[in-house]
Amino acid sequence: DAGVIQSPRHEVTEMGQEVTLRCKPISGHDYLFWYRQTMMRGLELLIYFNNNVPIDDSGMPEDRFSAKMPNASFSTLKIQPSEPRDSAVYFCASRSSSGPYEQYFGPGTRLTVT
Amino acid sequence: KNEVEQSPQNLTAQEGEFITINCSYSVGISALHWLQQHPGGGIVSLFMLSSGKKKHGRLIATINIQEKHSSLHITASHPRDSAVYICAVRRSQGNLIFGKGTKLSVKP
């Protein structure tokens, strides 16, 4: 099993540009989570999906952020337009509803917005 | 006040020492997770527990549901244990709420 796959691993972009982060969950997992980690705020949940349906997006900072899960094996997190304060590491994680309930994290995408 | 509080924030130990990291929470939970994040940034799940105690090698995690408190213990610490240890609680809705983490440095 390849684990949770995220791409790109690093992204540097200029303020105002659109950024798309990608995630492939572990096969068979029906929950997918997007997290953001910053020095100031630590790890925060942005949004999570169950069976491709967004369940809780209350952590999404503002309308500039959007997430989709068109099928069970792919999700995207998009920031448009990006701002320097969006610089962070973005993690994707997945788990199965049939147990165990541990979450498996991807390697993260380090985003720098200049 | 944060819903999940960890202590200490930073911890330096000598190789071989017994280490304890504490986590207190103020919300109802369905489970508590201990995560490890190495300097390279990857996050690994160490434990998930909803009662009692679990042990993996030199790592032991305990939880007291009534007191809303969990501890992570490392016996015979080693420099390779140096990492950030993060406590997270899982709400009934399934989302995780994270503590700020404890940065552990084990000196040889």
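Since every read-out is calculated from the coordinates, none of them should be taken as a lab result. Everything numeric in this text was worked out from a predicted model, so none of it was measured. Note: ideal-geometry Cβ built from the backbone for every residue, glycine included; neighbour counts use all protein chains shown.
Side notes on the structure shown:
- Cα lying deepest toward the dipole's positive end in the protein assembly as shown, options A:THR13, A:GLY108, B:THR20, charges on Cβ: B:THR20
- Note on segment B:27-71: the alpha carbon radius of gyration divided by the globular reference 2.2 N^0.38 Å gives 1.24.
- For the peptide A:108-114, the mean number of other protein chain Cβ atoms found within 10 angstrom of a residue's Cβ is 1.
- Among residues other than B:LEU32 with Cβ under 14 Å from its Cβ, the summed charge is +1 (Lys and Arg +1, Asp and Glu -1).
- Partner lysines for A:LYS68 [C-alpha distance under 21 Å; skip if fewer than 8 residues away on the same chain]: A:LYS24, A:LYS78
- Local net charge near B:ILE86, Cβ-Cβ under 11 Å (Lys/Arg +1, Asp/Glu -1): +2
- Over chain A, Cα pairs under 8 Å with separation of 6+ residues give a relative contact order of 37 percent.
- Sparse-neighbour loop sites [GluC sites (Glu not before Pro); segment B:14-108; at most 13 other C-beta within 10 Å; DSSP]: B:GLU15, B:GLU67
- Lys, Arg +1 and Asp, Glu -1 on Cβ, resulting dipole of chain A about Cα centre, debye, nearest 20: 220
- Dipole of segment A:17-87 [Lys/Arg +1, Asp/Glu -1 at C-beta], most positive-end residue of A:SER73, A:LEU45, A:PHE33: A:SER73
- Selected from A:ILE47, A:ILE55, A:ILE26 as most flexible by GNM, with chain A as the system and alpha-carbon contacts under 10 Å: A:ILE55
- Cα point-scatterer Debye curve for segment B:67-108, base-10 log of I(q)/I(0) at q = 0.21 Å⁻¹: -0.78
- If you wrap segment B:14-108 in the convex hull of its Cα atoms and look at it from every side, the mean projected area works out to 5.9 nm².
- The Cα-based radius of gyration and maximum Cα-Cα distance (Dmax) for the protein assembly as shown are 17.5, 50 Å.
- Values of log10 I(q)/I(0), in the order q = 0.14, 0.20, 0.30 Å⁻¹, for segment A:23-83 under a Debye, Cα-only, solvent-free model: -0.39, -0.77, -1.32
- Over chain A: Kirkwood hydrodynamic radius from C-alpha pairwise inverse distances, Å: 14.0
- All aspartates and glutamates inside 14 Å of B:LYS68 as judged from Cα atoms, apart from same-chain residues fewer than 8 positions distant: B:GLU3, B:GLU5
- For the protein assembly as shown, a simple Cβ point-charge model (Lys and Arg +1, Asp and Glu -1, everything else neutral) yields a dipole of about 460 debye relative to the Cα centre.
- Taking A:MET40, A:MET60, A:MET15 as the candidate residues, the one with maximal mean-square fluctuation in a Gaussian network model of chain A, Cα springs under 10 Å, is A:MET40.
- Net charge over other residues, Cβ less than 15 angstrom from the Cβ of B:SER105 (K, R count +1; D, E count -1): 0
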